Amino acid sequence: HQTNPQRHVSDHFGIQASLEIREAGRAGTNFRASGGRCLEAAGGQTADGTAIQLFDCNGTLSQQWTLRHTGELVGLAGKCLTVPRAVSSVLPTVLAPCRGAPTQRFDYTFSGQLRARSNPNLCLEPAMTTNRAPVRAVACTGNNQRQRWSDD
């Protein structure tokens with residue numbers, strides 16, 4: 001097969017087709033914690049550094065995330081869930097411009113964990129299961145229900 005700059009693909013039998021490349025991802029996904037609350041940009045804010053928290057699932061845009069094939073969790077205003085650098089072992093999460101940084105990439109595992117690609121030993125977990133509980137990156141454990149997220 002040969003490809004020309006217009007992205008048309010042809011074979012040796014005279015058949016032609018157009019190739020469309022789209023980014024894979026799950027748009028408009030709510031990530032629900034084991035306590036039934038959703039991952040949210042606090043108060044629907046879009047400012048850089050807005051805290052990521054749990055809140056009652058309500059279908060608002062602040063609770064809708066797209067998990068790109070690159071691992072970025074994209075939310076409000078096209079910004080990414082980010083684990084900023086910190087000195088403690090418990091790292092808060094915030095909204096920040098998507099830059100493809102390792103601290104903005106996560107894997108959604110078969111067991112429901114959101115695991116940091118930059119450090120696969122870190123998983124997203126709410127500090128508590130109540131409204132406004134901050135979501136942070138902490139050491140992954142196999143039996144911690146607060147590290148389990150369902151997507152719907």
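Quick notes on this one:
- Checking every one of the chymotrypsin sites (Phe, Trp or Tyr not before Pro) in segment 34-125 against DSSP loop status and a limit of 16 other Cβ atoms within 10 Å picks out PHE110.
- Three-way shape call for segment 76-152 based on the alpha-carbon gyration tensor, with the a/c threshold at 1.5: rounded
- Dipole magnitude of segment 32-152 about its Cα centre (Cβ charges: Lys, Arg +1; Asp, Glu -1), debye to nearest 20: 240
Taken together, the values in this text are just the output of simple stated rules run on the coordinates, not laboratory data. Since the structure is predicted, the reported quantities are computational estimates derived from the model, not experimental observations. Reconstructed Cβ throughout: ideal geometry from the backbone, glycine too, with neighbour counts over all protein chains shown.
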